[in-house]
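To start, the structure itself, in structure tokens.
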Amino acid sequence: MSTPIEPGTAEPLVLRVRAGTDPGRAMHALTDPDEMSVWLAEHAEVSLPDHYRFWGRYTPGGAAPAQTLVEATSDRLRYTWMLDDVATEVDITLERVADGTLITLRQTGADPMAAGSLGLLQTFWAATLANLVDLLEERQGLALTDLTSPQLGAETTIDAAPSAVFSSLVEAEMVTAWFGFPTVITPEVGGRYGYGTITELVEDQRLSVDYGPMGVASWELEGSGGKTRIVMTQSGFDTDQPPYAAWLGALSGLAELRRFHELASWQPIWVPAGQSS
């Protein structure tokens, strides 16, 4: 049994993704305000080497910019970010590898057990880095999440038939592959779906899972021309406390689900610590 993490004692957050581009292109996307508005934030102001700021509805603690640039080179971006009165530090490094660029993000102060912004950081970065990779590889990313709204919904089109997409939502081996976490599934109403319970299952059309206080997650599928439009929503939660952390994690999974079906030589964008890309 694991030991609960005490607030404020979490190890630095580390996320590593591979992108099929060169480090120069990746650094441009990291520091160009127009491109930052696609994958990261509603507003951005950058003037290297003096300042690097972003804020807005899509950013934890985003009422005003709270970043101070520390370092910006051709392969490294480092800044402090005040969140919930904690001076966190974000350190992003780029490394050229055989199939493109390895992007490593480290942030101090992230704590999935904490309330507020610090508890959002792991899945916030998972969703935004997935969008960054889509931008760098010239695919349409998912819409950014408005962290001031209780309306949680997203949609995308996957270049695969509804039967194939639905199978990848209910077959445990495939879900474990694209979601990146071992998932136990009993594909029937009342059956288990990870730590939730399936409340609706219509083959090739709809899946709903009840996650208790975090609400009900639903996937609706509609086929056309060999492709599948998929709409994902989260509902039935306390609207004063939207489950943004869980929702952002689901968004990063939706981005990977699309890659899983559309890339012939698919491999996860995520690179575990200690593993070469």
> Which of the following residues is of a type outside the set (Lys, Arg) and touching a residue at least 60 places away in the same chain (Cβ under 8 Å): GLY119, GLY191?
Replying inline: GLY119
>> Pairs please, first residue from the stretch 264-277 and at pLDDT 70 or above, second anywhere and of a type in the set (S, T, N, Q), Cβ atoms under 8 Å, 6+ apart in sequence or on different chains.
In response: VAL271/SER277
> Do we find that GLU155 is of a type in the set (Asp, Glu) and either part of a strand (DSSP E or B) or under 21 Å from TYR193 (Cα atoms) (or both) in this structure?
Replying inline: yes
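Scan ASP75, ASP50, ASP84 and give me the residue that is within 27 Å of PRO272 (Cβ to Cβ) and either touching a strand residue (DSSP E or B) at 6+ places or on another chain (Cβ under 6 Å) or not small (Gly, Ala, Ser) (or both). Even if it seems obvious, please write down each step before you answer.
Numbers: ASP50 fails: within 27 Å of PRO272 (Cβ to Cβ); ASP84 fails: within 27 Å of PRO272 (Cβ to Cβ).
Sole residue among the options that is within 27 Å of PRO272 (Cβ to Cβ) and either touching a strand residue (DSSP E or B) at 6+ places or on another chain (Cβ under 6 Å) or not small (Gly, Ala, Ser) (or both): ASP75.
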> When you look at PRO182, is it under 22 Å from LEU129 (Cβ atoms), touching a Pro at 6+ places or on another chain (Cβ under 8 Å) and assigned to a loop (DSSP other than H, G, I, E, B), yes or no?
Replying inline: no
>> Six or more apart or on different chains, Cβ atoms under 7 Å: show the pairs whose first residue is in the stretch 67-83 and over 13 Å from LEU30 (Cβ atoms) and whose second is exposed (fewer than 14 other Cβ atoms within 10 Å of the Cβ).
In response: THR80/ALA87
> Of the residues that make up the stretch 12-22, is at least one in contact with a Lys or Arg (Cβ under 8 Å, 6 or more places away or on another chain), part of a loop (DSSP other than H, G, I, E, B) and modelled with pLDDT under 95?
Replying inline: yes
> Would you pick out the residues in the stretch 9-66 that are of a type in the set (Phe, Trp, Tyr) and either in contact with a His (Cβ under 8 Å, 6 or more places away or on another chain) or not assigned by TED's automatic domain parsing to the domain that holds LEU83 (or both)?
Replying inline: PHE54, TRP55
>> Just to verify a result, which residue in the stretch 225-277, among those that are hydroxyl-bearing (Ser, Thr, Tyr) and assigned to a helix (DSSP H, G or I), is surrounded by the most Cβ atoms within 10 Å (Cβ to Cβ)?
In response: SER252
> Do you know which residues across the stretch 197-222 are surrounded by 17 or more Cβ atoms within 10 Å (Cβ to Cβ), in a strand (DSSP E or B) and either touching a helix residue (DSSP H, G or I) at 6+ places or on another chain (Cβ under 8 Å) or touching a residue at least 40 places away in the same chain (Cβ under 8 Å) (or both)?
Replying inline: LEU201, LEU207, ALA217, TRP219, LEU221
> Considering the stretch 233-277 alone, what residues qualify as being charged (D, E, K, R) and within 18 Å of the chain's Cα centre (by Cα)?
Replying inline: GLU256, ARG258, ARG259
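The values are calculated or read from the model by the stated rules, or taken from the named source; none is laboratory data. Just so you know, these numbers come straight off a predicted model, no measurement behind them. Every residue, glycine among them, receives a Cβ derived from its backbone with ideal geometry; neighbour counts consider all protein chains shown.
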